[in-house]
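Everything on this sheet refers to the single structure shown next.
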Amino acid sequence: MTSDNAGAPRPTPSAERIDAIDVLRGIALFGVMAINLVMEFRVSIFEQFLGPRILASPIDRAVEAILSQAVELKAFALFSLLFGAGLAIQFDRLANSERRTALLLRRLAVLLVFGVIHLCLIWNGDILTEYAIAGFIVLPFLFGPRWLLTLAALVSLALYLAMQAFPPAGLFPSRAAIWQDVMDANRIYATGGFRDVLPFRLREIPLIASLHAFVFLRTIGLFLLGALAWRSGIVQNTRGLFAIALPAIGLGAGLLYRGIEPLGTIVLALGYGAAILGIAHVERGKKLLGWAAPLGRMAFTNYVAQSVIFGWIFYGYGLGLFGRLGVAPALAIGIIVYAAQLRFSAFWLRHYRYGPLEWLWRSLMYGVRQPMVVAEVGAAR
């Protein structure tokens, strides 16, 4: 980059990143991958709403029980918390830039474009579109004090919990519509070519949008909680994190045991996040969990890559394994893919500053090609 750009705002240098957040993001990515794979790529996302599934294999039953009780919505809640914290970090680090608002709006707009492409052309289980829209709503609150973030988060989460207790009539698709979609999915995803899968994927979007509508307020609330965690300093307060972790995990598990699932999921996710961040802050914890940091730094690239890989494995234009694998074999495939991404991410980041999609996202956000090769960073300073 030339000296003309010396005063322009730039992305956070690698040396200034908070490794513990990357570790948490990398671990959360595994949970998101596992649920997406077992409940959405392996079978239709709507199959779970047709009643309890009968799994022949005891191993499948055990794995599904662990995933549904300990991982499922908690991993997505962690991702939402992290996105909110990341947005607040960007906001605060651009405090001296006159272009702060424009840059952050562009950042979210670019994410929205990526999300729509992912949603329509790669996989309609996409979360990026929802995150971009929620980000536009949360961004104005970052200009306010912490009490406003707290109030907005509590109101959003209270409305979400009320919606779960009293679902609005007509928001969720009918059982007949779900049944028909599952039947079509079992045929088209399993045997159809890309020209068959694409129009069906687009046809499913209105049905899937209703699922997003049920959790949208929770996403906003968790974004705000993540931003509040950053603003309050708790993200880097090791003692405070451990003080939160055990009580939150205990309370969350207790709520889930009593069947209070929506609130229990949120509290347990907070406990998970606090525990992992706390461990990743101490020296032994860094050695124990540091392997996840490269995955977290490239979470965007890895998330989209998983959609491409699993689409090829399960849909008819690839291996066509849709509906043919049990929970445990499908998860085993996911673990292999995750392990390969771990090795690839570590290798890539030894040579490059960002993952490919992270680099493109930042370059479009700042309107300037960002240094990509590690050697370029020193030359640009």
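Give me the pairs: first residue in segment 174-186 and over 15 Å from GLY316 (Cβ atoms) and of a type in the set (A, V, I, L, M, F, W, C), second residue open to solvent by 20 Å² or more (accessible area, probe 1.4 Å) and assigned to a helix (DSSP H, G or I), beta-carbon distance under 7 Å, and six or more apart or on different chains, which are they?
ALA177/LEU207; ILE178/PHE49; ILE178/LEU50; TRP179/LEU50; VAL182/GLU47; VAL182/LEU50
Could you give every pair whose Cβ atoms fall below 9 Å, whose first residue belongs to segment 194-219 and is closer than 17 Å to VAL116 by Cα and assigned to a helix (DSSP H, G or I), and whose second residue is open to solvent by 50 Å² or more (accessible area, probe 1.4 Å) and of a type in the set (S, T, N, Q), counting only separations of at least 6 or pairs across chains?
Matching pairs, first to second residue: none at all.
Given the residues LEU157, LEU149, LEU161, LEU171, which is the only one that is in contact (Cβ under 8 Å) with a residue 40 or more places away in the chain and part of a loop (DSSP other than H, G, I, E, B)?
LEU171
Tally the residues that are assigned to a helix (DSSP H, G or I) and farther than 25 Å from ARG350 by Cβ, restricting the search to segment 308-333.
Counting residues in segment 308-333 that are assigned to a helix (DSSP H, G or I) and farther than 25 Å from ARG350 by Cβ gives 12.
Take segment 266-325 and flag every residue that is in contact (Cβ under 8 Å) with a residue 24 or more places away in the chain and among the basic types (Lys, Arg).
Passing the criteria: LYS286, ARG297, ARG324.
Residue by residue through segment 291-333, note down the ones that are closer than 30 Å to LEU277 by Cα, open to solvent by 20 Å² or more (accessible area, probe 1.4 Å) and in contact with a Lys or Arg (Cβ under 8 Å, 6 or more places away or on another chain).
Within segment 291-333, just ARG297 meets the criteria.
Need the failing condition index for LEU349 against (1) in a helix (DSSP H, G or I); (2) more than 28 Å from LEU108 (Cβ to Cβ); (3) in contact (Cβ under 8 Å) with a residue 40 or more places away in the chain, just the number.
For LEU349, the exception is condition (2).
I'd like the full set of residues that are open to solvent by 40 Å² or more (accessible area, probe 1.4 Å) and not in a loop (DSSP other than H, G, I, E, B), limited to segment 174-191.
ARG175, ALA176, TRP179, GLN180, MET183, ASN186, ARG187, THR191
Please go through (1) under 22 Å from the mean Cα position of the chain (by Cα); (2) surrounded by fewer than 20 Cβ atoms within 10 Å (Cβ to Cβ) for PHE194 and return the number of the only condition it doesn't satisfy.
PHE194 satisfies every listed condition except (1).
Looking at segment 137-171, which of its residues are open to solvent by 70 Å² or more (accessible area, probe 1.4 Å) and closer than 30 Å to PHE200 by Cα?
Within segment 137-171, PRO167, ALA169, GLY170 meet the criteria.
Of everything in segment 252-290, what is open to solvent by 80 Å² or more (accessible area, probe 1.4 Å) and farther than 20 Å from SER156 by Cβ? Give them in sequence order.
TYR257, ARG258, GLU283, ARG284, LYS286, LYS287, LEU288
Would you confirm whether any residue within segment 339-354 is hydroxyl-bearing (Ser, Thr, Tyr) and in contact with an Asp or Glu (Cβ under 9 Å, 6 or more places away or on another chain)?
Looking only at segment 339-354, we keep the residues that are hydroxyl-bearing (Ser, Thr, Tyr), and these are 345, 352, 354.
With in contact with an Asp or Glu (Cβ under 9 Å, 6 or more places away or on another chain) added as a condition, the list becomes none.
No; the residues of segment 339-354 include none that is hydroxyl-bearing (Ser, Thr, Tyr) and in contact with an Asp or Glu (Cβ under 9 Å, 6 or more places away or on another chain).
In segment 12-124, which helices (runs of 4 or more DSSP H) lie fully inside it and hold 2 or more residues that are of a type in the set (Val, Ile, Thr) and buried (at least 20 other Cβ atoms within 10 Å of the Cβ)?
Values: elements: 19-36, 58-66, 72-93, 100-117.
Passing ranges, in order: 19-36.
The values are calculated or read from the model by the stated rules, or taken from the named source; none is laboratory data. Quick caveat, the model's predicted, so the values are computed rather than measured. Here the Cβ is made from the backbone with ideal geometry for all residues, glycine too, and neighbour counts use every protein chain on show. Keep in mind that these areas ignore ligands, DNA and RNA; they rest on the heavy atoms of the full protein, side chains included. Shrake-Rupley method; radii C 1.70, N 1.55, O 1.52, S 1.80 Å.
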